[in-house]
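Comments concern the structure below.
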Amino acid sequence: MIKKRRDLNQIEVIDLGDSGNTISDRISIKTSTSSFDGATTEQFHVLPRYGMGCINSFVTSNMNISISNYNLHHDLVYDQSSKNDYLQIAFLLKGEKIIDVEDGNEILFENRESFMANIKEFNGRIRILGKSNFKEVKIKLPISFLIDHVFINSYELKKLTDTNLILPITDELYSILENLESKVVSGSINRIYIKAKVLELIAIQLENYKTKATNDLKMGNDKTLKKLYQIQLVIKSNLHKNFSLLELASEVGINSGTLNKEFIRIFGYSVKEFGTSEKMTQAKFMLDNSERMIYQIAEEVGYKNSTHFTAAFKRKFGITPKRYRNKN
């Protein structure tokens, strides 16, 4: 067990299941609603126990738009499942979000990023990072909406598990989103205007996937999630090495002074704790599946001193490598 300085296991997990409920139903209270001409606008305010801010929605028979703008006290984690076939368009204007999808894949979603995907079935976990501003525009549409507007035959839609899913939010998209937000948040029920903006967003995103792909998505200074996951990969791919914080920080262009703090914030343990745990897990695998001498295994996971290796192994598993091998 990795010693965690921030116990992520203690975070409340909200189970939405396949009830059709949204996270706004669980963390906020409805404060206003109005309906006209087949459309409904609603406003929710986040409950004080979770944070502060609001969620605005615009719903018709074939369109569901939600705009979240809040600051959470702590990370928000919820499980959700759906068997419906729909198009999800998401624009993360501020904040950080991790989406766990099938086969252990994770979507790292950060400031000024977007995606558009055809979701036929979803069963995953979503984590919104707390203690910072979070602002997201989400649009959910039935596939019939695309068919009615001749999009479906012209383009191949992305899936959540596809590579190159994430796109940057361009200035052009940002301007449209601001206009859309002003209408939805004000409670204005102008179906034609809002539908036109949604169609414009779809057309631009389809073209962006076709021409820009994710080449424009650079790992800038605000892409902390991607940098930290890259550091994890570097450590796991080089267990025979012992990196310093400065070396790892320079690998992805992050400040070494904040690296460990950010690593603990996202993963719940320090860089050193993660590296040691990965080394010991690999050592255990080699003890089970090879005839290598213990000193050789120690060297392969970055320990020149077998005594230090034995002590680290015992701290993690409660038994020395020699006794573990003999026992098994």
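The values are calculated or read from the model by the stated rules, or taken from the named source; none is laboratory data. Please read these numbers as outputs of a predicted model, since none were measured by experiment. Every residue, glycine as well, gets a Cβ built from its backbone with ideal geometry; the counts of neighbours run over all protein chains shown.
Among the residues of the stretch 80-98 satisfying the criterion of being modelled with pLDDT of 95 or more and surrounded by fewer than 19 Cβ atoms within 10 Å (Cβ to Cβ), which is nearest to the chain's Cα centre (by Cα)? Only one residue fits best here, namely K94.
Residues in the stretch 269-288 that are of a type in the set (G, A, S) and crowded, with 19+ Cβ neighbours inside 10 Å: S270, G275, A283. Among the residues making up the stretch 78-127, those that are part of a strand (DSSP E or B) and of a type in the set (D, E) are D79, D100, E106, E113.
Do you know which residues across the stretch 254-278 are in a helix (DSSP H, G or I), within 20 Å of Y303 (Cβ to Cβ) and touching a residue at least 40 places away in the same chain (Cβ under 8 Å)? Steps first, please.
Step one: of the stretch 254-278, the residues in a helix (DSSP H, G or I) are 256-267, 271-278.
Now narrow it down to the ones that are within 20 Å of Y303 (Cβ to Cβ): 271-278.
Scanning the stretch 254-278 gives V271, E273, F274, G275, T276, S277, E278.
Cβ-Cβ distances below 7 Å connect the following pairs, each with a first residue in the stretch 24-39 that is within 16 Å of I65 (Cα to Cα), a second residue that is in a helix (DSSP H, G or I) and modelled with pLDDT under 90, and a separation of six or more residues or different chains: A39/R191.
Among the conditions (1) at pLDDT 90 or above; (2) surrounded by fewer than 17 Cβ atoms within 10 Å (Cβ to Cβ); (3) not in a loop (DSSP other than H, G, I, E, B), the only one that E291 does not satisfy is (3).
Inside the stretch 8-46, residues that are part of a helix (DSSP H, G or I) and in contact with a strand residue (DSSP E or B) (Cβ under 9 Å, 6 or more places away or on another chain) make up a count of 6.
Taking the options G268, G257, G275, G253, name whichever one is within 28 Å of E110 (Cα to Cα) and in contact with a Lys or Arg (Cβ under 6 Å, 6 or more places away or on another chain). Result: G268 is the single residue among G268, G257, G275, G253 that is within 28 Å of E110 (Cα to Cα) and in contact with a Lys or Arg (Cβ under 6 Å, 6 or more places away or on another chain).
Yes or no: F44 modelled with pLDDT of 95 or more, over 21 Å from the mean Cα position of the chain (by Cα) and either more than 25 Å from N123 (Cα to Cα) or buried (at least 17 other Cβ atoms within 10 Å of the Cβ) (or both)? Yes, satisfied. Just one residue in the set K236, K138 is within 21 Å of T41 (Cα to Cα), at pLDDT 95 or above, surrounded by fewer than 19 Cβ atoms within 10 Å (Cβ to Cβ) and not β-branched (V, I, T); that residue is K138. The condition of being at pLDDT 95 or above and touching a His at 6+ places or on another chain (Cβ under 7 Å) does not hold for G275. Can you spot a residue in the stretch 106-119 that is assigned by TED's automatic domain parsing to the domain that holds I176 and farther than 26 Å from K227 by Cβ? Yes, some residue in the stretch 106-119 is assigned by TED's automatic domain parsing to the domain that holds I176 and farther than 26 Å from K227 by Cβ.
Residue-wise test of (1) out of contact with any strand residue (DSSP E or B) (no Cβ under 7 Å at 6 or more places or on another chain); (2) among the charged types (D, E, K, R); (3) touching a residue at least 24 places away in the same chain (Cβ under 8 Å).
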{"site": "I139", "(1), (2), (3)": "no, no, yes"}
{"site": "P142", "(1), (2), (3)": "no, no, yes"}
{"site": "K158", "(1), (2), (3)": "no, yes, yes"}
{"site": "T161", "(1), (2), (3)": "yes, no, yes"}
{"site": "P168", "(1), (2), (3)": "no, no, yes"}
{"site": "D171", "(1), (2), (3)": "yes, yes, no"}
{"site": "S186", "(1), (2), (3)": "yes, no, no"}
{"site": "R191", "(1), (2), (3)": "no, yes, yes"}
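Please indicate, with yes or no, whether at least one residue in the stretch 53-71 is in the same structural domain as L177 (by TED's automatic domain parsing), farther than 28 Å from A196 by Cα, in a loop (DSSP other than H, G, I, E, B) and free of Cβ contacts under 8 Å to residues at least 24 places away in the same chain. Looking for residues that are in the same structural domain as L177 (by TED's automatic domain parsing), farther than 28 Å from A196 by Cα, in a loop (DSSP other than H, G, I, E, B) and free of Cβ contacts under 8 Å to residues at least 24 places away in the same chain, one finds none in the stretch 53-71, hence no.
The set of residues in the stretch 99-135 being among the hydroxyl-bearing types (S, T, Y) and buried (at least 16 other Cβ atoms within 10 Å of the Cβ) consists of S114 alone. A Cβ distance below 7 Å, combined with a sequence gap of six or more or placement on separate chains, defines the contacts here; from the stretch 79-108, residues that are touching a residue at least 60 places away in the same chain (Cβ under 8 Å) reach residues that are of a type in the set (A, V, I, L, M) and surrounded by fewer than 16 Cβ atoms within 10 Å (Cβ to Cβ) in the pairs D79/V13.
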